[in-house]
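First up is the structure itself, then whatever we jot down about it.
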Amino acid sequence: MEIQESCDLRQMKCKPCEGGVEPCTLDESTHQLLKLPGWVLTHDAQRIRKDWVVQNFMAAIDFFNQVAQVAEQDGHHPDLHVSGYRNVSIELWTHAIGGLSENDFILAAKIDAIPIQLK
């Protein structure tokens, strides 16, 4: 995988993945995350995650609705979490390969461009 700037990732489209490809290496993932502030590796480097604290519950739901629209357009769907009514987090990984693909970083960059009402 070629390491891309966040602005370049946002211009890309997720590619369908039905498996049969190798997940990103730890080195690739680590270097790509340098271009995506706030995203961290989790689950033995098989996923990426970002956390936010938003103004209130409705800000969380509004953000998730916008994320859902972007994710649906690219056909790549994240795990969305809200707890304590305003703590939100998103986890990304490519289920078909059990690890990270370029799609995860593309969607992370697109999520970062979505306006969010922070605390």
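The values are calculated or read from the model by the stated rules, or taken from the named source; none is laboratory data. Because the structure is predicted, anything quoted here is derived from the model rather than measured. All Cβ positions, even for glycine, are placed from backbone atoms using ideal geometry, and neighbour counts span all protein chains on display.
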### Task
Could you please find all residues in the range 79-119 being part of a strand (DSSP E or B), closer than 16 Å to Glu28 by Cβ and among the β-branched types (Val, Ile, Thr)?
Thr94
### Query
Which condition breaks for Lys110 when tested against (1) within 14 Å of Gln66 (Cβ to Cβ); (2) at pLDDT below 95; (3) of a type in the set (Lys, Arg)?
(2)
### Query
What pairs come up if the first residue lies in the range 62-87 and is in contact (Cβ under 8 Å) with a residue 60 or more places away in the chain and under 21 Å from Lys119 (Cβ atoms), the second is hydrophobic (A, V, I, L, M, F, W, C) and outside any helix (DSSP H, G or I), and their beta carbons are under 7 Å apart, counting only those six or more places apart or on different chains?
none
### Query
What residue, of Glu28, Glu2, is surrounded by 15 or more Cβ atoms within 10 Å (Cβ to Cβ), not hydrophobic (A, V, I, L, M, F, W, C) and not in a strand (DSSP E or B)?
Glu28
### Task
Six or more apart or on different chains, Cβ under 7 Å: which pairs go from a residue in the range 28-47 that's farther than 11 Å from Ala108 by Cβ to one that's in a helix (DSSP H, G or I)? Could you list them?
Leu41/Ser29; Leu41/Leu33; Ala45/Leu26; Ala45/Ser29
### Query
Which residues, counting only those in the range 86-105, are out of contact with any strand residue (DSSP E or B) (no Cβ under 6 Å at 6 or more places or on another chain), over 14 Å from Glu22 (Cβ atoms) and surrounded by 15 or more Cβ atoms within 10 Å (Cβ to Cβ)?
Phe105
### Task
Please state which of the following conditions Ala60 fails to meet, knowing it meets all the rest: (1) buried (at least 21 other Cβ atoms within 10 Å of the Cβ); (2) farther than 23 Å from Glu5 by Cβ; (3) touching a Cys at 6+ places or on another chain (Cβ under 7 Å).
(3)
### Task
Would you point out the residue of the range 5-22, among those that are out of contact with any Pro (no Cβ under 9 Å at 6 or more places or on another chain) and of a type in the set (Gly, Ala, Ser), that is modelled with the lowest pLDDT?
Gly19
### Task
Determine which single condition Lys50 fails, assuming it passes every other condition in (1) surrounded by 14 or more Cβ atoms within 10 Å (Cβ to Cβ); (2) of a type outside the set (A, V, I, L, M); (3) more than 22 Å from Cys7 (Cβ to Cβ).
(3)
### Task
Please specify each residue of the range 106-119 satisfying the condition of being surrounded by 15 or more Cβ atoms within 10 Å (Cβ to Cβ) and either touching a Ser or Thr at 6+ places or on another chain (Cβ under 6 Å) or within 18 Å of Lys13 (Cα to Cα) (or both).
Ile106, Leu107, Ala108, Ala109, Lys110, Ile111, Asp112
### Query
Which of the residues belonging to the range 66-119 are acidic (Asp, Glu) and touching a Leu at 6+ places or on another chain (Cβ under 8 Å)?
Asp74, Asp79, Asp104, Asp112
